[in-house]
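Okay, so here's the structure we're looking at.
Laboratory data are not the source of any read-out in this text; all were calculated from the coordinates shown. Every value quoted in this text rests on a predicted model; they were computed, and no experiment measured them. Here the Cβ positions follow ideal geometry from the backbone for every residue, glycine too, while neighbour counts run over all protein chains shown.
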Amino acid sequence: MPKTKTNRAIAKRFKKTAKGGLKSANAFTSHRFHGKTKKQRRNLRGTSMIKKTTANKYEKMF
């Protein structure tokens, strides 16, 4: 049985962690920062973990 191909769109957007979770960049960070508070902007920096219920769907595509 052949190996399944990795979904390239998923591979570019998510990274696997050592424990098997998925992390990604935050949404709502491309423009319109004047409508967001400093606290919102600060919390949108960096990466965040994907919820386990959503991650199960994406793990099959890796």
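One table, with the values for the structure above:
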{"read-out": "Neighbours by Cβ (under 9 Å, 6+ apart or cross-chain): first from region 25-54, closer than 24 Å to ALA11 by Cα; second among the charged types (D, E, K, R) and assigned to a loop (DSSP other than H, G, I, E, B)", "value": "ASN26/ARG45; PHE28/LYS36; THR29/ARG45; LEU44/LYS36"}
{"read-out": "Only one of LYS57, LYS23 that is of a type in the set (D, E, K, R) and in contact with a strand residue (DSSP E or B) (Cβ under 9 Å, 6 or more places away or on another chain)", "value": "LYS23"}
